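Read through the structure below, which is laid out as structure tokens, and then see the notes.
The values are calculated or read from the model by the stated rules, or taken from the named source; none is laboratory data. If you're wondering where the values come from, they're calculated on a predicted model, not measured in any experiment. Backbone-built Cβ (ideal geometry, glycine too); neighbour counts: all protein chains shown.
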Amino acid sequence: MANLFCELPGRQRDEWVQTLLEEEGIRIERILSWGQATPDGEWYDQERAEWVLLAAGEAGLLLAGEGLPRRLVAGDWLYLPAHCRHRVVWTSPEQVTIWLAVHWQQLGRSDRPQS
């Protein structure tokens, strides 16, 4: 047993990622941000699907094809299918932003095991 809000490191220069659980096909991470953002011109384009919850703080997340970033506050969550291009435009520099991210291999129709 553990607590998402306990044993947090102090402010870091880079975003801090901790794997909380990893088993076959799934990974759960706690990510801490202190004003970090995705570098200009870079996009995440992940092989795995992701469900992300903003547990504390604030952030701006831009999805490819959308004109403005989505403002996320504590309690907001978002599902990002595999290869959904996205980037973190900003995170709150005044407080720690705590993300809970769940990653898994998304099975498409052609990827499903044959019965």
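Restricting to segment 47-61, name every residue that is under 18 Å from Ala82 (Cβ atoms) and crowded, with 16+ Cβ neighbours inside 10 Å.
Within segment 47-61, Arg48, Ala49, Glu50, Val52, Leu61 qualify.
Consider segment 1-24. How many of its residues are over 24 Å from Leu61 (Cα atoms) and touching a strand residue (DSSP E or B) at 6+ places or on another chain (Cβ under 6 Å)?
1
When the residues of segment 14-29 are filtered to those that are outside any loop (DSSP other than H, G, I, E, B) and free of Cβ contacts under 8 Å to residues at least 12 places away in the same chain, which remaining residue is nearest to Gln95 (Cα to Cα)?
Once the filter is applied, the top-ranked residue is Thr19.
Listed here are the residues, each with its yes/no results for (1) in a loop (DSSP other than H, G, I, E, B); (2) more than 12 Å from the chain's Cα centre (by Cα); (3) within 27 Å of Cys6 (Cα to Cα).
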position: Ile31; (1), (2), (3): no, no, yes
position: Glu42; (1), (2), (3): yes, yes, no
position: Val52; (1), (2), (3): no, no, yes
position: Arg71; (1), (2), (3): no, yes, yes
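Write out, first by first residue and then by second, each pair whose Cβ atoms fall under 7 Å of each other, whose residues are 6+ apart or on separate chains, and whose first residue, in segment 85-106, is at pLDDT 95 or above while the second is basic (Lys, Arg).
Ile98/Arg30; Leu100/Arg30; His103/Arg27; His103/Arg48; Trp104/Arg48
With respect to the numbered conditions (1) surrounded by 12 or more Cβ atoms within 10 Å (Cβ to Cβ); (2) at pLDDT below 95; (3) of a type in the set (A, V, I, L, M), which one is the sole condition not fulfilled by Met1?
It is condition (1) that Met1 fails.
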